[in-house]
Amino acid sequence: MSDLWGGLSQAFYMLVSLDADLVEITLRSLQVTLTALVIASLIALPLGALLAVRRFRIRRLTIAVLNALMGLPPVVVGLIVYIMLSRSGPFGVFGLLFTPTAMIIAQVIIIVPLIASIAHQALRELWSDYHDLLISMNTTHAQRMKTLLWDGRRALLTAALAGFGRAIGEVGAIMVVGGNIDHHTRVLTTAIALETGKGDFALALALGFVLIAMAIAVNLVIHWLTQTEKEGRW
Amino acid sequence: MSDLWGGLSQAFYMLVSLDADLVEITLRSLQVTLTALVIASLIALPLGALLAVRRFRIRRLTIAVLNALMGLPPVVVGLIVYIMLSRSGPFGVFGLLFTPTAMIIAQVIIIVPLIASIAHQALRELWSDYHDLLISMNTTHAQRMKTLLWDGRRALLTAALAGFGRAIGEVGAIMVVGGNIDHHTRVLTTAIALETGKGDFALALALGFVLIAMAIAVNLVIHWLTQTEKEGRW
Amino acid sequence: MSAMFPLIVEGAMTRRGGKVLVGPVDLRLEAEGITMVIGPNGAGKTSLLRLLHGIARISAGRVTWACDEGEARRRQAFVFQTPVMLRRSVRDNLAYPLRLTGVDRVTARAQAEVWAEKVGLGDALTRPATALSGGERQKLALGRALIRAPDVLFLDEPCASLDGRAMRDVEAILRSAAEAGTRLVMSTHDMGQARRLASEVVFLLGGKIHDRGPADTFFDSPNTAQARAFLRGDIVE
Amino acid sequence: MSAMFPLIVEGAMTRRGGKVLVGPVDLRLEAEGITMVIGPNGAGKTSLLRLLHGIARISAGRVTWACDEGEARRRQAFVFQTPVMLRRSVRDNLAYPLRLTGVDRVTARAQAEVWAEKVGLGDALTRPATALSGGERQKLALGRALIRAPDVLFLDEPCASLDGRAMRDVEAILRSAAEAGTRLVMSTHDMGQARRLASEVVFLLGGKIHDRGPADTFFDSPNTAQARAFLRGDIVE
Amino acid sequence: DEIKMAVTTSFHNSGLSDVLVPAIKRDLDLEVQLLVVGTGQALKLGAAGDVDAILVHSRKAEERFLAAGNGTHRREIMYNDFVFIGPKSDTADAGKAASAAEALSRIANAKAPFVSRGDDSGTHKKELSLWNVADLDPAGFDNWYKAVGAGMGAALNTAAGMNAYIMSDRASWLNFGNKGDLALVYAGDPVLFNQYAYLPVNPDKHAHVKHDLALKLEGWLVSDTAKALINDYKINGETLFVFNAVQ
Ligand SMILES: Nc1ncnc2c1ncn2[C@@H]1O[C@H](COP(=O)(O)OP(=O)(O)OP(=O)(O)O)[C@@H](O)[C@H]1O
Ligand SMILES: Nc1ncnc2c1ncn2[C@@H]1O[C@H](COP(=O)(O)OP(=O)(O)OP(=O)(O)O)[C@@H](O)[C@H]1O
Ligand SMILES: [Mg+2]
Ligand SMILES: [Mg+2]
Ligand SMILES: O=S(=O)([O-])[O-]
């Protein structure tokens, strides 16, 4: 138990003293995850909308696979990305392994299915509202998707936030592809794993609390900015 | 790249030959995760419904926190559960550390926020449909929640499946609290991490593919059983 | 059962996003009769009914029943302008209010079948309610509101999508309910229906009660120029 | 622009979950006039309109326009029995169909304001459409359907929730649209309205066309006992 | 019966545990449950009483562990040695060095990529002490020195991915599957000696620990059976561990 209190006070102390290492890895965490989030959203949100509006044949299969891929084991993603980016792999020439870029790639792969799944579920309801009208107006698929994405933007925020949470807390994949190299690819979660291995649980927890506090702060700011929970729904 | 093909063929081979070790850890994975899923659903689904129907004061904060907790770093959860269950921790006397029970506890903590968040989002739409009617009928809070949970059961399935995916692919927490003890607490993901550490990528990937295949199979079976994507929505 | 009436409304008002939907309203409703709320689109009929029923947040003033509030709430029912269909079968929709009060499933279903017959949905029992046609939905909503035999029933344009026959049947049901002591407060755009059913009229304009009186007087010699214009289907200023 | 008519319907049918909603229907619609689809609740009016408009899946038979299908689809509009409100402002709802065809935002908004005025929503422009009253929604849906000046307009009980004045205005709009060459196909339960507007009547019963003819003939001397009973508001067997 | 023992990643990755554990089961009817963790974490688990014994290779840390009263005693079991792994081409010519410290100097001079465990493990501490001998301070190194903060396997994976030098224990290296273009470039300096020790957790501090079983296991670990198994454990014909317990 003392580790728990030790962790809390250490977290507090590091935060108020703006510990340089902490600031560095926190900013790197944010940079990697936000970049991954933007890229993943650009892929996943339209994909969710597409699945909502299109009745193609393998739609149900796609959805089930997407749901299953929400559970992609990060280590496996890490391994596959590692193999692809390693010098003997197909994309080895770009020298991306053990760079933040590699971590972004892995995170994108991990959160795309999650964001797309949640987005699809949110947009499915909206689509069942809009279905008749939009079909009647002879809209193109692109127009339907655009309309859903725009009018459903509040719900999509939840999807994106879920993706953010997943990515910022992820360690298995980015450990493999980033390598947790000090001052280079070390982020909050890999630092936590490292301190855990060292047996310095208090420091690991302190970093964990910082991570959680940051995730809560991001969520609160976004909820507050967009007033998601206000009555008028858009 | 050869590791990738090696992994695929090894996965195939282990599957058809029903490799005893593979069967054992796969079943343990399923047992731990399904138990965690049931417990987490029993907590999270009513919680999601409660957040949908109740306008208590800190509701918005609760939702933001829940969203943030979706990103609870597994290692941190693992550490906290470890500290609680450790012999020197408050629940040490139960001797739960390094048992499947400990792994279940950790997974429950990790997936409750995820399931509750997705459930809340799904039920919010339903509640905005039902709001006037249920208020008019002078229903109790419990009745409202029950109605939402029942009539929204299809959408809740997606929430539960997301939780399943998250739990089955999780490694950071169960590694810390389960200890990855052979024949005892070793599951698919911890085995993957182990093989990765040994540099046996082909075997690690093979296990990963088995895991993914299982997740997809579970999803397909459930989609098919419940016909989630059929037209009549319930 | 204690007396619910008179219902006394004092300066009550509903505001939403800065806009006053209806009010301030002062009104006193006695135990008997059918009150018909009429007025142009957007006048606030729906808002007034919701205010009286207690499902709109009251921004100012008071709505007071003679009995205590919990009891008053239990003894009312409401038929919405756009009926809400539970994602269940027609039978389960009808049985739902009974199940809420603890009636066992078998009894509730039997009752549901009786009411399905009464509102003309006898052959739709097992169909999903969300697949009903517009008129069928209104019938379902009506049956679901009446099944608990409420003492006060609010109806918001309950016959807007009904065919001639169904309208006649529903009017008969409503009339006999009123005769059996159910207090009805309803809105309609069908002046023929208003004349046939109303014992008293509340004429709304711009969210305020513009005129009010016994039905005969109101329809035969309206007090205000606006009411006259409204009844003629003219511009109401 | 090529000719859309005649519209030829041969043995067309809509089935949903095993139940025949409407059909088989054989019908030929010519270029001129206002066709009024009437019939009891659940007769299949909505289903027939959707079938003709092409948004119901056709389970059997054919619906053929004289022009090619893509063009036909572009030149139609539909006002639903329960209007669908986009989660946007009234103005953006009205502008939406124009924006779809590539009209720039400024022009589309200006047009939207013109139509808001015409349907009587001039002072609701910036309000969220989902907060409109029942009647206001119908007005919005009507404006949104007319703003692209469709050649064929389907209306499913468009005046069910309108007040007397609004109904008169809408009927005037519809009549002038018909005079300007827009082909109207609509359903209603208001036989007064049917008489005022219809040039031709299609009487549906149990999903089938039971009777059909010029409006005058149909209303003055219906061919079948069922049509007579329906017009009287009696039980239709 | 069962007993929980925390071991370091390098011990487990060597593959020796797969030989010893079944033998113990057979001989003692004792199931040894291995917790494979970092050195620090292993000591931590012992201190908290969550395991019954630990097997690590970090002498100073072990002595601190004993000094704090967390263990009853320290029993040396066996040793292996650390080796330097690097690109097959050995760009820094570390293989030509006369000592381990010189090998490191050569790498530093060439600024060839070097992966350090960076996790305070026994291996990491040994590496740091060698830099010290070479009169170099890793804190001042620039980009070529990568402190990865990971277990032996993960660090080897990273080195393989970067084609970098790395210090590993011989056993982990030989048993490692993802060798890439790496090869053993330097070994043999006596200073690379790597002693593994067994430490039963102190039952005075944690009454529930299975101290008698831990002693029983210790007895087996220093037995002739264990001696034979350890000395005979080979990969590709190479001996990995040398039994050196005082019997
Ligand atoms: N949630 C809301 N937010 C803002 N304005 C609203 C909201 N609900 C209704 N209104 C507006 O309040 C006014 C009164 O609405 P109400 O629904 O009471 O009218 P009504 O008399 O029932 O009309 P109708 O005959 O069309 O049903 C309308 O102008 C409507 O647009
Ligand atoms: N999706 C559906 N699945 C099954 N049955 C349906 C579905 N939609 C409509 N129906 C049924 O088909 C019949 C015809 O419906 P339709 O909506 O066309 O009737 P309508 O003539 O428009 O009635 P109303 O006057 O009440 O609007 C009704 O009995 C209705 O319950
Ligand atoms: Mg209304
Ligand atoms: Mg209809
Ligand atoms: O034994 S290690 O912890 O150095 O891998």
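Residue count for the range E:43-63 under the criterion of being of a type in the set (Gly, Ala, Ser) and more than 15 Å from E:His206 (Cα to Cα): the result is 2. Kindly indicate the residue of the range B:181-195 that is within 10 Å of chain E (Cβ to nearest Cβ) and open to solvent by 10 Å² or more (accessible area, probe 1.4 Å) and also nearest to A:Leu69 (Cα to Cα) among those meeting that condition. Filtering first and then ranking leaves B:Ala193. Among the residues in the range C:41-60, are any open to solvent by 20 Å² or more (accessible area, probe 1.4 Å), within 16 Å of ligand 3 (Cβ to nearest atom) and either acidic (Asp, Glu) or on the phi > 0 side of the Ramachandran plot (or both)? So far as the range C:41-60 goes, yes, one or more of its residues are open to solvent by 20 Å² or more (accessible area, probe 1.4 Å), within 16 Å of ligand 3 (Cβ to nearest atom) and either acidic (Asp, Glu) or on the phi > 0 side of the Ramachandran plot (or both). From the list B:Leu134, B:Leu97, the lone residue that is of a type outside the set (Ser, Thr, Tyr) and closer than 23 Å to C:Asn93 by Cα is B:Leu134.
The number of residues in the range E:62-97 that are touching a Lys or Arg at 6+ places or on another chain (Cβ under 8 Å) and farther than 26 Å from E:Thr158 by Cα comes to 5. Output yes when any residue across the range A:136-154 is out of contact with any Phe, Trp or Tyr (no Cβ under 9 Å at 6 or more places or on another chain) and facing chain B (nearest Cβ under 10 Å), and no when none is. Scanning the range A:136-154 turns up no residue that is out of contact with any Phe, Trp or Tyr (no Cβ under 9 Å at 6 or more places or on another chain) and facing chain B (nearest Cβ under 10 Å). Of the strands (runs of 3 or more DSSP E) lying entirely inside the range E:130-247, those containing at least 1 residues that are open to solvent by less than 20 Å² (accessible area, probe 1.4 Å) and within 21 Å of E:Leu35 (Cα to Cα) span E:165-169, E:193-200.
A count restricted to the range A:122-144 and to residues that are closer than 30 Å to A:Ala36 by Cα, without any contact (Cβ under 8 Å) to a residue 40 or more places away in the chain and not hydroxyl-bearing (Ser, Thr, Tyr) stands at 3. For B:Leu79, are the conditions met, namely being within 9 Å of chain A (Cβ to nearest Cβ) and farther than 16 Å from A:Ala159 by Cα? In short, yes.
Take the range D:60-87 and flag every residue that is in contact with a strand residue (DSSP E or B) (Cβ under 8 Å, 6 or more places away or on another chain) and either within 12 Å of ligand 4 (Cβ to nearest atom) or under 30 Å from D:Ile235 (Cα atoms) (or both). Result: D:Val79, D:Phe80, D:Gln81. For the range D:61-83, a residue qualifies if it is away from ligand 1 (no atom under 16 Å from the Cβ), farther than 22 Å from D:Phe203 by Cβ and either open to solvent by 40 Å² or more (accessible area, probe 1.4 Å) or among the hydroxyl-bearing types (Ser, Thr, Tyr) (or both), and the qualifying residues are D:Arg62, D:Thr64, D:Ala66, D:Asp68, D:Glu69, D:Arg73, D:Arg74. From the list C:Val170, C:Val201, C:Val152, the one residue that fits, being away from ligand 3 (no atom under 16 Å from the Cβ), more than 19 Å from C:Leu27 (Cα to Cα) and among the β-branched types (Val, Ile, Thr), is C:Val170. Entry remark, the range D:76-112: residues being of a type in the set (Phe, Trp, Tyr) and away from ligand 2 (no atom under 16 Å from the Cβ) number 1 in total.
Among the candidates C:Leu155, C:Leu162, the residue that is touching a residue at least 40 places away in the same chain (Cβ under 8 Å) and not β-branched (Val, Ile, Thr) is uniquely C:Leu155. Take A:Arg54 and decide whether it is without any contact (Cβ under 8 Å) to a residue 40 or more places away in the chain and either closer than 30 Å to E:Asp181 by Cα or basic (Lys, Arg) (or both). No: the conditions fail for A:Arg54. For beta carbons closer than 9 Å, sequence separation of 6+ or different chains, a first residue in the range E:127-155 that is without any contact (Cβ under 8 Å) to a residue 60 or more places away in the chain and within 14 Å of chain B (Cβ to nearest Cβ) and a second that is in a helix (DSSP H, G or I) and of a type in the set (Val, Ile, Thr), the qualifying pairs are E:Val148/E:Thr158; E:Gly149/A:Thr190; E:Ala150/A:Thr190; E:Ala150/E:Thr158; E:Ala154/A:Val176; E:Ala154/B:Thr196; E:Ala154/E:Thr9; E:Ala155/E:Thr123. Looking only at the range A:198-208, decide whether some residue is on the phi > 0 side of the Ramachandran plot and either outside any helix (DSSP H, G or I) or more than 7 Å from every other protein chain (Cβ to nearest Cβ) (or both). Yes: the range A:198-208 contains one or more residues that are on the phi > 0 side of the Ramachandran plot and either outside any helix (DSSP H, G or I) or more than 7 Å from every other protein chain (Cβ to nearest Cβ) (or both).
Within the range D:1-15, none of the residues are touching an Asp or Glu at 6+ places or on another chain (Cβ under 9 Å) and at the interface with another protein chain (Cβ under 10 Å from one of its Cβ atoms). Number of residues in the range E:68-127 that are among the β-branched types (Val, Ile, Thr) and open to solvent by 10 Å² or more (accessible area, probe 1.4 Å) equals 2. The number of residues in the range D:112-147 that are aliphatic (A, V, I, L, M), within 9 Å of another protein chain (Cβ to nearest Cβ) and open to solvent by 40 Å² or more (accessible area, probe 1.4 Å) comes to 1. Consider the range B:60-73 and keep the residues that are of a type outside the set (Gly, Ala, Ser) and within 7 Å of chain A (Cβ to nearest Cβ). The one that is surrounded by the fewest Cβ atoms within 10 Å (Cβ to Cβ) is B:Val65.
Annotation note: Cβ proximity below 7 Å between a residue of the range C:25-37 that is more than 10 Å from C:Pro6 (Cα to Cα) and a residue that is surrounded by fewer than 14 Cβ atoms within 10 Å (Cβ to Cβ) (sequence gap 6+ or interchain) occurs for C:Asp26/C:Gly11. The residues of the range D:132-164 that are at pLDDT below 90, in a helix (DSSP H, G or I) and within 10 Å of ligand 1 (Cβ to nearest atom), listed by number, are D:Gly134, D:Gly135.
When D:Ala172, D:Ala180, D:Ala215 are checked against the criterion of being closer than 24 Å to C:Glu157 by Cα and either among the charged types (D, E, K, R) or more than 14 Å from the chain's Cα centre (by Cα) (or both), D:Ala172 stands alone in meeting it. The number of residues in the range D:18-39 being touching a strand residue (DSSP E or B) at 6+ places or on another chain (Cβ under 7 Å) and within 16 Å of ligand 4 (Cβ to nearest atom) comes to 10.
The values are calculated or read from the model by the stated rules, or taken from the named source; none is laboratory data. Fair warning: this is a prediction, and the values are worked out from it, not measured in the lab. Cβ atoms come from the backbone with ideal geometry, glycine included; neighbour counts cover every protein chain shown. The protein model used for the area step is the full one, side chains on, heavy atoms only, and it has no ligands, DNA or RNA in it. Shrake-Rupley method; radii C 1.70, N 1.55, O 1.52, S 1.80 Å.
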